[in-house]
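The block underneath contains the structure these notes are about, expressed in structure tokens.
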Amino acid sequence: MPAVQSLVPETAILERPPAAPAGLPCLVGLDRAELTAALAEIGQPAFRARQLWHWIYHRGEQDFAQMTTLAKELRAALAERFSVARPDVTKDLQSIDGTRKWLLRCDDGSEIEAVHIPEEDRGTLCVSSQVGCTLTCRFCHTGTQKLVRNLTAAEIVGQVMLARDKLGEWPSPKDERLLSNIVMMGMGEPLYNYDAVAKALKIVMDHEGIAISKRRITLSTSGVVPMIEQCGAELGVNLAISLHAVTDEVRDVLVPLNRKYPIAMLLDACRRYPGLSNARRITFEYVMLKGVNDSPAEARALVRLLEGIPAKVNLIPFNAWPGAPYECSSAATIQTFGDIVNAAGYASPVRTPRGRDILAACGQLRSESQKERAADRVRRLAAEAMA
Ligand code: SAH
Ligand code: SF4
């Protein structure tokens, strides 16, 4: 389907960012085998890699000199060759509701976002998987951003490490964590960057490190059908599907990837998701767009579509952005829609918008910062012209 292939310009995605010009190679993002190999290169046995793993991922230590279970000479040798750096934070914003958002700059200058959402019984970090996104969902601001590249595993794990630093949550606590859950719902389509996402999540799940269990991790996809089964079999994380429509006609427009993997094919992959049970349901995300997908008839059609799938439905009030082609449904419409889904036995919470005052919604802060820089440029050019 050529029309659809052009929607997914995979060649436009750089696999790796250019290396930092003068920076030392960073150990964050290495898995156990790579860490062991890095140490073997400087003549160290495998058990040292286990100790180093503990310092990096359990203790969050950034200074080799403080890694006191390692010999002094080894600490010095490591400091000469490696770093345990974090991404640069260019903005650190806290909302009045406690939501915190970090705008992070990668080595190549591109910017990504991570958002921490504290709740009574948990704290969730929303993690990005790509700079921008090649999929052009019509209601999504990230999809309008031109520059796209895959994040490396280091950059994905780096978001979690940075959040732990900022929340003061090292060593990795067992209970009552401020960062207890992860959702791959930031910028980008995680299943278009599966290898790096899988590597990063395996590091995050490792019991002797950051140790966030697969039950507390949710990966959201717009429906990359061929990768869904592997994701479940290999990672066993919770799955969220950005459904947003009940007919192919409407979904083709909202989520253009639907033209390649239509609703029936997507739901079929969901039915076969490894580990699916009533205790481990798939979340179906449904953004509420006024007059587009929010009628009672569509709520009833949604219930029929989900029949036989252990599911919950997450109704998301549309978060409008400047120039967006849609509006959010009214509270009453969302309520009616939710009641119908609920009455059919599906939990259907309405996602409360969080952090609106700090532009916490996907892709907004990064665009804001780009706008700012553009404004700076205009001011500079104007000043130069006046001189
Ligand atoms: N690319 C993945 C994950 C990132 S988007 C995906 O699409 O699933 C995370 C969720 O936010 C998705 O359900 C997405 O459809 C939704 N979303 C994107 N823009 C939104 C907006 N402006 N308002 C409300 N939800 C939005
Ligand atoms: Fe990409 Fe997800 Fe946004 Fe669609 S909703 S453009 S898949 S980030």
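Quick rundown of the values:
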item	result
Criterion violated by Ile212 - all others in (1) over 29 Å from Thr144 (Cβ atoms); (2) free of Cβ contacts under 8 Å to residues at least 60 places away in the same chain; (3) assigned to a helix (DSSP H, G or I) satisfied	(3)
The lone exception for Pro87 - which of (1) buried (at least 18 other Cβ atoms within 10 Å of the Cβ); (2) at pLDDT below 95; (3) within 16 Å of ligand 2 (Cβ to nearest atom) it fails	(3)
Within segment 113-122, considering residues that are away from ligand 2 (no atom under 12 Å from the Cβ) and crowded, with 20+ Cβ neighbours inside 10 Å, the one nearest to Ile156 (Cα to Cα)	Ala114
Residues satisfying the stated conditions in segment 139-153, i.e. touching a strand residue (DSSP E or B) at 6+ places or on another chain (Cβ under 9 Å) and more than 8 Å from ligand 1 (Cβ to nearest atom)	Gln145, Leu147, Val148, Arg149, Asn150, Leu151
Some residue of segment 189-210 being within 16 Å of ligand 2 (Cβ to nearest atom), touching a Cys at 6+ places or on another chain (Cβ under 6 Å) and of a type outside the set (Ser, Thr, Tyr)	yes
Of residues in segment 93-109 being within 14 Å of Arg354 (Cα to Cα) and buried (at least 17 other Cβ atoms within 10 Å of the Cβ), the one nearest to the chain's Cα centre (by Cα)	Lys101
Residue count, segment 229-259 (criterion: closer than 30 Å to Lys174 by Cα and crowded, with 21+ Cβ neighbours inside 10 Å)	6
Tally, over segment 148-193, of residues that are of a type outside the set (Asp, Glu) and part of a helix (DSSP H, G or I)	16
Verdict on Val287 being within 16 Å of ligand 2 (Cβ to nearest atom), under 27 Å from His141 (Cα atoms) and not in a helix (DSSP H, G or I)	yes
So Asp294, is it assigned by TED's automatic domain parsing to the domain that holds Gly232 and over 27 Å from the mean Cα position of the chain (by Cα)	no
Cross-chain or 6+ apart pairs with Cβ under 6 Å, segment 239-253 first and in the same structural domain as Leu201 (by TED's automatic domain parsing), then surrounded by fewer than 23 Cβ atoms within 10 Å (Cβ to Cβ) and polar (S, T, N, Q)	Ala240/Thr218; Ala240/Ser220; Ala240/Thr283
Helices (runs of 4 or more DSSP H) wholly inside segment 28-144 that include at least 2 residues being without any contact (Cβ under 8 Å) to a residue 60 or more places away in the chain and touching a Phe, Trp or Tyr at 6+ places or on another chain (Cβ under 9 Å)	32-40, 72-81
Val148 vs. criteria at pLDDT 90 or above and of a type in the set (A, V, I, L, M)	no
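Let's see how each residue does on (1) away from ligand 1 (no atom under 16 Å from the Cβ); (2) buried (at least 23 other Cβ atoms within 10 Å of the Cβ); (3) in the same structural domain as Asn258 (by TED's automatic domain parsing); (4) aromatic (Phe, Trp, Tyr):
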residue	(1), (2), (3), (4)
Ser129	no, yes, yes, no
Thr136	no, no, yes, no
Gly158	yes, yes, yes, no
Asp165	yes, no, yes, no
Gly186	no, yes, yes, no
Gly209	yes, no, yes, no
Ser213	yes, no, yes, no
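The values are calculated or read from the model by the stated rules, or taken from the named source; none is laboratory data. Source: prediction; values computed, not measured. Methodologically, a virtual Cβ is constructed for each residue, glycine included, from the backbone with ideal geometry; neighbour enumeration extends over all protein chains shown.
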